[in-house]
Amino acid sequence: MEILIPNILLVHAWQTAALAVLGAALVVQLFYYLYFFVRLLFYKVEEEKLGTEPVSVIICAWNEEENLRRHLESVLNQDHPQFEVIVVNDHSTDETDILLHEWKKAFPHLHSIDLNRDNANMRGKKFAVSMGIKGAKYDRLVFTDADCRPRSDQWLRRMSAAMVDGKEVVLGYGGFEKRPGLLNKLYRYEALHIALQYLSYALAGRPYMGVGRNLAYRKELFFQTKGFIKHRHVASGDDDLLVNEVSTGANTTIAVHGDAHTLSAPKDTLATWWHQKRRHLTTPGLYRWESKIFLGIYSFSAICFYGAFIVVLSIQSIYWSAFVALAVKWVCHLSIMRATTRLLKEPDLFLFSLLGDVFSPIFNALASASVLIKPPTAWK
């Protein structure tokens, strides 16, 4: 009896701890859903809002000849009264220069900046972006990648229209093409989930990142804040680190109208996605402390929730508590995702998001751990 009583107390303490972790993690997750993410549910898109101010589009290309052939024309044919497209040919060894030379004959608003042996010591995307900004004629800058295409010919109007009332940074949505297979859905869900976070945080007055596939800011702001100078030693971060540094609740807005989206080719193997994810995870450690705390608590609480769910589910006397917690979380999750997938034109990810909600924290935790063990190499 003397031995059994301590054992019983130990078992009850362990069960109580698991239940407490599950409850605490659920409360934290609900806070993010109901304070941050719910803002996209109530966000009203202004249908008539179209920009007419001059715009410079900047695209950096490193051996992107084939992607430029597929996507550049959709950028050049935007329905906008006054814009230029600048392609920075970043030490390409394919025939990008020949392609741009030919296309400039048909599109006088297309300009190119060639980085070659004269710039051999200045490599990396941040230098290429800086040169594109320096060569831009207009103050309103819109950025995308060579492997991206606008969803519509109103993309530029929608992105530039958001630069009003003191807004200097515009965060857009960069989605990925729908293709068959589970990997494609997981990849697209991850992009959707990231967008859900940075868009809703911006609406809450706490912007922390944007994606270079679809981003806009003012040239004056870039030079006022000295561009990439504070993180020039980091290969990545031409988009998220810059936004994290210069954005505020007052100067940042979002552009999520369906016409304002871009689409890119998704990674087609888990290995290439893993490599990309590891590279992207080198930058969050340089975010503002506020951003790191909010993002860290959210990710940690998701891991704790599903870990505690499994533990509580295995305890016969309280297993039902696990299902109650899961039901509460998933009802809230689906309510947010229903609005988000409609807004961002990803309807097939609505119910799939339940699987993504389990997969995403595990995948990100594993990738983060691998970065700590062995940091990835430079992007090129």
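Every number in this text was worked out from the coordinates using simple rules, so none of it is lab data. None of the values given here were measured: they were computed from a predicted structure. Please note: Cβ atoms are built from the backbone with ideal geometry, for glycine as well, and neighbour counts cover all protein chains shown.
Hey, what angle do you get for helix 96-106 against the long axis of the chain, alpha-carbon based, 0 to 90 degrees rounded to 10?
Roughly 60 degrees, rounded to the nearest 10.
Once you charge only the Cβ atoms, +1 for Lys and Arg and -1 for Asp and Glu, what is the size of the charge dipole of segment 71-170 about its Cα centre, to the nearest 20 debye?
320 debye
Could you tell me the calculated FRET efficiency between Asp165 and His101, based on Cβ-Cβ distance and R0 = 51 angstrom, to the nearest 0.05? Provide the component values of the computation, followed by the final result.
Working: r = 41 Å, r/R0 = 0.80.
So, using R0 = 51 Å, E works out to roughly 0.80.
Can you pull the one-decimal nm distance between simple spin-label points at Val328 and Ile310, each 7 Å off the Cα toward Cβ?
Taking the two extended label points, one gets 2.2 nm.
Take the Cα pairs of segment 285-340, get the Kirkwood Rh, then feed it into Stokes-Einstein at 37 °C and 0.692 mPa s and tell me D in µm²/s.
Rounded to a whole number, D works out at 251 µm²/s.
Between beta-carbons, use under 15 Å as the cut-off and find the net charge around Asp165, counting Lys and Arg +1, Asp and Glu -1.
Values: positive: Lys49, Arg140, Lys167, Arg218; negative: Glu46, Glu53, Glu168.
Charge balance in the 15 Å sphere: +1.
When the Cα centres of segment 226-269 and segment 312-380 are compared, how far apart do they sit, in Å?
So the separation of the two Cα centres works out to 23 Å.
Please figure out what share of the DSSP beta bridges in segment 55-267 is antiparallel and state it in percent, rounded to the nearest 5. Mind dumping the intermediate values first?
On the way: 10 of 36 bridges.
Here the antiparallel bridges make up roughly 30 percent for segment 55-267.
Show me the ranking of peptides 68-80, 237-249 by mean Cβ neighbours inside 10 Å, starting with the highest. Walk me through the numbers on the way to the answer.
Working: 68-80: 17.9, 237-249: 21.3.
In decreasing order of mean packing, 68-80, 237-249 become 237-249, 68-80.
For the chain, set up a GNM with springs between Cα atoms under 10 Å and report which of Leu141, Leu270, Leu192 has the largest fluctuation.
Residue with maximal mean-square fluctuation among Leu141, Leu270, Leu192: Leu270.
Among the lysines, which have Cα under 27 Å from the Cα of Lys226 when same-chain residues fewer than 8 positions away are ignored?
Straight-distance partners of Lys226: Lys125, Lys126, Lys134, Lys137, Lys167, Lys292, Lys380.
Enter the angle in degrees (range 0 to 90, nearest 10) between the Cα long axis of helix 353-373 and the first principal axis of the Cα atoms of the chain, meaning the one along which they spread out most.
80 degrees
Which angle between 0 and 90 degrees, to the nearest 10, do you get for helix 182-203 versus the longest principal axis of the chain when only C-alpha atoms count?
Orientation of helix 182-203: about 80 degrees from the principal axis.
Can you give the translational diffusion coefficient of segment 55-267 in µm²/s, computed by Stokes-Einstein from the Kirkwood radius over Cα pairs at 20 °C and 1.002 mPa s? Intermediate values should be presented prior to the final figure.
Numbers: Rh = 17.4 Å.
In µm²/s, the coefficient rounds to 123.
When the chain is fully extended, how far beyond the present Cα-Cα distance does His233 get from Thr16, taking 0.36 nm per residue of separation?
On the way: separation 217, 0.36 × 217 = 78.12 nm, distance 4.74 nm.
Once the chain is fully extended between His233 and Thr16, it gains 73.4 nm.
Out of Tyr217, Ser112, Leu263, whose Cα points farthest toward the positive end of the dipole of segment 55-267 (charges: +1 Lys, Arg; -1 Asp, Glu; placed on Cβ)?
Looking along the dipole axis, the top candidate is Tyr217.
Please give the peptides 206-217, 346-357 ranked by average Cβ packing (other Cβ atoms within 10 Å per residue), highest first, as a rough proxy for protection. Working shown, then result.
Numbers: 206-217: 24.7, 346-357: 17.2.
Top to bottom by mean Cβ count within 10 Å: 206-217, 346-357.
For the chain, what mean projected area does the convex hull of the alpha carbons give, in nm²? All intermediate terms of the calculation are to be shown ahead of the outcome.
Working: hull surface 83.9 nm².
Mean orientational projected area (the chain, Cα hull): 21.0 nm².
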